[in-house]
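What follows draws every value from the coordinates through simple rules; no lab data is involved. Since the model is a prediction, treat every value here as computed from it, not as a measurement. Methodologically, a virtual Cβ is constructed for each residue, glycine included, from the backbone with ideal geometry; neighbour enumeration extends over all protein chains shown.
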Amino acid sequence: MLSAAGATAALVAAAIFNGALAAGASAPDIDYSDFDEDQMRAMDDAIKDLDSNVGGHDADAALANTTVLRDGLSYAEKYFAKKPEAPLGAGFAREAQEHLATLAKSIEAKDFDAANGHVRALVKTCKSCHEAYKPPE
């Protein structure tokens with residue numbers, strides 16, 4: 001259970017996050033014409049395969065997935081750093097890279113239980129970014 005100070009801090013963080021989203025452009029307002037859609041598709045495929053590969057304890061395949069994701073997240077961080085209308089995008093990419101690094105260490109250690117939790121955290125961060133900035137289909 002959160003203390004009163006912890007609850008207040010959580011509410012302030014949520015307000016800042018929501019305010020930053022409100023201050024940023026919505027996905028339809030952002031020009032994505034220069035975005036590498038192939039890179040994002042490769043990342044989407046890799047994260048789906050990663051979940052399966054971690055669940056199946058296939059370390060080599062899971063590490064190959066993390067390489068695709070690392071490259072894609074690095075691209076996304078640089079891309080969104082140049083998009084002031086998407087102020088949280090680069091931060092989401094950095095957060096995802098942190099989850100990915102921890103995930104890779106778990107896979108290398110063959111700790112697939114921990115890796116499963118790190119996959120969930122990574123997916124959650126990706127989903128947060130997509131909710132904020134994924135362009136309309």
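Couple of notes before you dig in:
- For the stretch 89-105, putting each phi into the Karplus relation 6.51 cos²θ - 1.76 cosθ + 1.60 with θ = phi - 60° gives couplings of x, 5, x, 4, 5, 5, 4, 5, 5, 5, 4, 5, 5, 5, 4, 4, 4 Hz, in residue order, rounded to whole numbers and with x for Gly and Pro.
- Annotation: average projected area of the stretch 23-137 is 6.5 square nanometres, based on the convex hull of Cα atoms across all directions.
- Coil-residue trypsin sites (Lys or Arg not before Pro) of the stretch 85-137, DSSP, other Cβ within 10 Å capped at 16: Lys110
- Isotropically averaged projected area of the stretch 56-122, using the convex hull of Cα atoms (one quarter of hull area), nm²: 4.1 nm²
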